[in-house]
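The values are calculated or read from the model by the stated rules, or taken from the named source; none is laboratory data. Values in this document were obtained by computation on a predicted structure and should not be read as measured data. Glycine also receives a Cβ, built like all others from the backbone with ideal geometry; neighbour counts cover every protein chain displayed. Protein only, heavy atoms only, side chains kept; ligands, DNA and RNA dropped before computing areas. Shrake-Rupley method; radii C 1.70, N 1.55, O 1.52, S 1.80 Å.
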Amino acid sequence: MEIIHPNKSLLEEKDASSRIHWPPSPPATDNDPKESNIDHNSSGFDGISGDIDELDIKTSRRYPLPPPSRPDNGVLAEDLKTPDNHVVRDPRLIRLTGVHPFNVEAPLTDLFDEGFITTKDLHYVRNHGPVPRVEDSEMMDWEFTIEGMVDNPIKMTLEQLIKQYEQVTYPVTLVCAGNRRKEQNVVRKTKGFSWGAAGLSTALWTGVVIGDLLRAAMPKRGARYVCFEGADKLPNGYYGTSIKLNWAMDPNRGVMVAHKMNGEVLTPDHGKPLRIIIPGQIGGRSVKWLKRIIITKEPSDNWYHIYDNRVLPTMINPEMSADMPDTWKDERYAIYDLNTNSATCYPAHDERLTLPDVTGSYNIRGYAYAGGGKRVTRVEITFDKGKTWILADISYPEDEYRLAPDGEELFGGRLDMTWRESCFCWCFWNLEVSISQFQAADDIMVRAMDESMMVQPRDMYWSVLGMMNNPWFRVVIHKEGHALRFEHPTLPALMPGGWMERVKKAGGNLSNGFWGEKLSGEDEKIEEVEPAKEICMINKDVNRTITIDELRRHDGELEPWFVVGGQVYDGTKFLEGHPGGAPSIIGAAGQDVTDEFLAIHSENAKAMMVDYHIGSLDRASLDALANCGNDAVEGTEPREIFLQSKAWTKAILSAKKKVSADTKIFTFTLEHAEQLIGLPVGQHLMIRLRDPVTREAIIRAYTPISKGTDRGKLDVLIKIYHDTPERKGGRMTRALDSIPVGHFVDFKGPVGKFEYLGRGLCAISGQRRIVKRFIMVCAGSGITPIFQVLRAVMADPEDPTTCLVLDGNRAEEDILCKQELDQMVKGNERRCRLLYALSRPGPSWTGLTGRMGPALFEKEVGPRSSAGREELVLICGPAALEESVRDIFTGMGWKDDDLLFF
Ligand SMILES: Nc1nc2c(c(=O)[nH]1)N[C@H]1C(S)=C(S)[C@@H](COP(=O)(O)O)O[C@H]1N2
Ligand SMILES: [Mo]
């Protein structure tokens, strides 16, 4: 296929003197742009203005073409160990969600400096998962369908699309609905990751107007929506969404099925070989790697259509949103057209101006866009927090394409712009100001207005996904001696900096309508943040450097080595004594287990690590480890057993059932209906979630309610620790509770030193032991591991073991799994004595009352039997209960060996 190289030919034949320079040439200086000095910067925009009459209409082809892209980009080292190891990328892009999936924006100044058209190198990328791999040789055979409510379903290849339909080219700015989300995250954490102000880019797209295709398929009467589906398989299915059929059929809206970007084949990140482009709407609707176009009566029911790209009402917080499926499905909250927005690019963040000459001037510059094809009709700047405004100049490079002669061809498509009234692209604004204006002001704020007179608001509309953030963009001016320093609101990803974080840290309330500044009469309130206590886990006398290959050789039961925080530890001597059991050390062998180690170990445990420290990983090995992660690689074969001890596996949350005031059963769907959970009786599994903003892993161990031999689904009973006025709630349980049904979490396991093998046979840290009687002491959700063991004993009529269960709770309704417990014991009274004790019983309670203390244990348990090791006490509950049980039992002559704490 033909590839026309940008920047060639089209401009070459023109008389150089009449040529419009785009992008504007950078200031003629060798200085770092951040050090730019006033004189340099006033060079501005080489004569481009919003006034198209100035141009000589007879001279065509004066429109912007893509700037050169970098010829020598390749696959980056950090991508090698990910499924995207085939994708060429530019190292300047800032990763917003760790190494993978690839969600990136360019540094704002680099993006702006490229000018109107962004190269493929710096175009932002939003990938929900791995990039589908399509070889050049197979591209033309790529098939897609037009199906659903149509009289003439179509299946065609890219080759047919190119040969049989008219090709068009025009520029479109894509904007992620999350653009500028970091600002929302600083005010209050949303469920989205932190975009800066560069979550947008403009390219020349070539393809087929979608109306032509849809007409060929002949939509049936009653059809109202067009759904799109990509080839990227994600945890909740293929990526997909929908728009209205009526929009797709409207040539004014310019919806396109595109196969070229800036005159070249689409890059893998941007949808190679085929994608949708929807001008004026959020990027999320422009489905990449297009496989299916489905005409329907209702909006898409794809998970990503429902749980992404929405602005829910502002009072809905992350926790509440988890249990509101109808609110998520409410089409009124789905985002389609972009809202009006703007940002300042110069002065850049941390740009400094030294003041040799206070009479100089500075050209403030930035971008603006509006949605739904609307035009930005004014941009205003204020230096006094909105009391007075100054009009900025606007340039609309997009207009220059409209001047091309009818029938103009670009990149193998007709430049379909002459007749268009709509605006699909960003525009640039600039304002020449004197330095004295800067010196007199504390900040610069910008707002844009569109042709329907909608103007950007002063105040943020916070919402649970943090989308469509568009309040006035504020740059703070710091005066530092003979210099001015500028400060943007935020920096992208987790990069620290910006005035919002600074003001918040100083105790300012960012949503007080005054950018968090102290209002007169408000008390000075500065929050002191207590630094977390650091535990030393390094033996200072150890100075061995270890490579990843050495580490990988110690990945088994013999000499298991593992890595925490870049340091290598040898777990051999701890295989026996580890409270989590030998399997949890062997499971960690050969791996970096920093997140889970730190998440589930106490300060005491961390302090013990010094004894096992044997060296540190070298730099290259650290990088290699950081990039591979230990997530299960998606295989093609369905796996028989769900839990894996060395890799995290995903399961989808399919239901939540409230079983008491603060407890829920979370049900997860495994990878397939026949898949075995794979958890031995008495052992636990680990659940991992990621904080969507900080990307921090939150990991906890739980014992499920399901039998380890159950298939297809997994029930876990979890007590939710909500925020109360006195204390912050549990991080894990709040995060888990915020996850909507349909979302996934990661599991790993089994872990635990105890296992019940049946008929009285137990294994404790690998040592076998016969038990004739279990004494099971628990409280609240501590019932879960006890439940597993008790059920195993009761389910086997041949099991000679007897059990005494002492379950303490506040009120009767707090007793978890009471029905199931009673049911298990019914008819088995000879083998099991089940006692509930309530500290706050209701009037109708006839069982035991009061806290479980010495009197109860002396009466029900008594001294250790002389027969010795034939009884085992299993204990699970809050730390206070575990402590008092230990004291009381020790006092009655029980040995440490007889007490097992979960
Ligand atoms: N198939 C597929 N299409 C997709 C996505 C995706 O993850 N998969 N992300 C969407 C989102 S949210 C955005 S903002 C745009 C980003 O397009 P780009 O990566 O080409 O800039 O693609 C959209 N199309
Ligand atoms: Mo997006």
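Straight-distance candidates among the lysines for linking to K291, with alpha-carbon spacing under 17 Å and chain neighbours fewer than 8 residues away dropped: K155, K233, K260, K272. With the largest listed first and rounded to whole Å, the semi-axes of the equivalent ellipsoid of segment 122-176 from the Cα gyration tensor are 24, 17, 16.
At a probe radius of 1.4 angstrom, the accessible area of segment 136-333 per residue rounds to 33 square angstrom. The Cβ shell under 11 Å around D416 holds other residues with a net charge of -1, Lys and Arg each +1, Asp and Glu each -1. Backbone phi angles across segment 346-354, fed through the Karplus curve with coefficients 6.51, -1.76 and 1.60 (θ = phi - 60°), yield HN-Hα couplings of 10, x, 7, 4, 6, 5, 10, 10, 8 Hz in residue order; Gly and Pro are listed as x. Structural size metrics of segment 545-628, computed from C-alpha coordinates, are Rg and Dmax of 11.8, 33 Å. A DSSP coil position with no more than 12 other Cβ atoms inside 10 Å describes the following trypsin sites (Lys or Arg not before Pro) in segment 369-453: K387. A simple rule links phi to the HN-Hα coupling: the Karplus curve 6.51 cos²θ - 1.76 cosθ + 1.60 with θ = phi - 60°, which for segment 652-667 gives 8, 5, 10, 7, 10, 10, 6, 10, 7, 3, 10, 10, 9, 9, 9, 9 Hz, with x for Gly and Pro. Against the criterion of solvent-accessible heavy-atom surface with a 1.4 angstrom probe, D450, D459, D897 sort, most first, into D897, D459, D450.
Between N543 and L391, the FRET efficiency from the beta-carbon distance, with R0 = 45 Å, is close to 0.10. The helix-only estimate of mean residue ellipticity at 222 nm for the chain, built from DSSP H runs of length n ≥ 4 each weighted as -39500 (n - 2.57), is -4000 deg cm²/dmol after division by the residue total.
Among H128, H613, the sequence by solvent-accessible area, most first, with a 1.4 Å probe is H128, H613. Along the axis of the charge dipole computed for the chain (Cβ charges of +1 for Lys and Arg, -1 for Asp and Glu, origin at the Cα centre), the listed residues V793, V99, G360 are led at the positive end by V793.
Taking the DSSP bridge list for segment 545-628 and keeping only pairs wholly inside it, about 70 percent are antiparallel.
A simple rule links phi to the HN-Hα coupling: the Karplus curve 6.51 cos²θ - 1.76 cosθ + 1.60 with θ = phi - 60°, which for segment 608-615 gives 5, 4, 3, 5, 9, 5, 10, x Hz, with x for Gly and Pro. Simple rule: put +1 on each Lys or Arg Cβ and -1 on each Asp or Glu Cβ in segment 136-333, find the dipole, and look at A248, S286, T314; the Cα lying farthest toward the positive end is T314. For A589, the shell of other residues with beta-carbons less than 15 Å away shows a net charge of -3, using +1 for Lys and Arg and -1 for Asp and Glu. Loop-located GluC sites (Glu not before Pro) across segment 392-436 with a Cβ neighbour count of 13 or fewer within 10 Å are E421, with loop assigned by DSSP. Based on the Kirkwood radius over alpha-carbon pairs, what value in µm²/s does the Stokes-Einstein equation return for the translational diffusion coefficient of segment 649-751 at 37 °C and 0.692 mPa s? The Stokes-Einstein estimate is 233 µm²/s.
Only protein heavy atoms count here; on that basis, with a 1.4 Å probe, H349 has an accessible area of about 40 Å².
In this Cβ point-charge picture (+1 for Lys and Arg, -1 for Asp and Glu), segment 815-867 has a dipole of about 60 debye about its Cα centre. Amide H contacts for A392 (H built 1.01 Å from N in the peptide plane; partners 5 or more residues away or on another chain; cut-off under 5 Å): V379, E380, I381. In the context of the full set of protein chains, segment 386-434 has a per residue accessible area of 37 Å² (1.4 Å probe).
Under a 5 Å amide H cut-off, with hydrogens placed 1.01 Å from N, Q167 pairs with R414 among residues at least 5 apart or on other chains. Is the C-alpha gyration tensor of segment 291-442 telling us rounded, prolate or oblate? Criteria: a/c under 1.5 is rounded; beyond that, a/b larger than b/c is prolate, otherwise oblate. Verdict is oblate for segment 291-442.
Under 5 Å between amide hydrogens, built in the peptide plane, is the criterion, and for G148 it picks out I295 among residues at least 5 positions away or on other chains. Around the Cα centre of the chain, unit charges on the Cβ atoms of Lys, Arg, Asp and Glu (plus for the first two, minus for the last two) sum to a dipole of about 2780 debye. What the Cα atoms of segment 136-333 give is an Rg and a Dmax of 17.4, 52 Å. Helix 783-795 and the long axis of the chain differ in direction by around 60°, with both axes built from C-alpha atoms.
Taking the C-alpha atoms only, the angle from helix 619-628 to the longest principal axis of the chain is near 90 degrees.
The modelled label-to-label distance for the pair E331/E798, using points 7 Å beyond Cα in the direction of Cβ, is 6.2 nm. Helix 879-891 axis versus longest C-alpha principal axis of the chain: approximately 20°, rounded to the nearest ten. Put a plus charge on the Cβ of each Lys and Arg, a minus charge on the Cβ of each Asp and Glu, and nothing anywhere else: the dipole of segment 649-751 about its Cα centre is then about 120 debye. Looking at the chain only, what percent of DSSP beta bridges run antiparallel? Nearest 5 please. Expressed as a percentage, antiparallel bridges in the chain total about 80. In percent, rounded to a whole number, the relative contact order of the chain is 9, using alpha-carbon pairs under 8 Å and six or more apart. A dipole drawn for the chain from +1 and -1 charges on Cβ atoms has a positive end, and of A231, L76, L856 the residue lying farthest that way is L856. The residues of segment 649-751 have, on average, 39 Å² of accessible surface per residue, using a 1.4 Å probe with all protein chains present. Accessible surface of the chain, 1.4 Å probe: 51 percent of it comes from carbon and sulfur atoms. Taking every Cα-Cα distance in segment 196-275 and sorting them into 5 Å bins starting at zero, the pair-distance distribution P(r) comes out as 3, 12, 19, 20, 22, 15, 6, 2, 0 percent. What do you get for GluC sites (Glu not before Pro) in segment 818-897 restricted to DSSP loop and a cutoff of at most 10 other Cβ within 10 Å of the site's Cβ? Taking segment 818-897 and a limit of 10 other Cβ atoms within 10 Å, the loop GluC sites (Glu not before Pro) found are E829. Summarised in one figure, the compactness ratio Rg/Rh of the chain, Cα atoms and Kirkwood Rh, is 1.03.
The tail of the calculated P(r) for segment 754-901 beyond 23 Å holds 33 percent of all Cα-Cα pairs.
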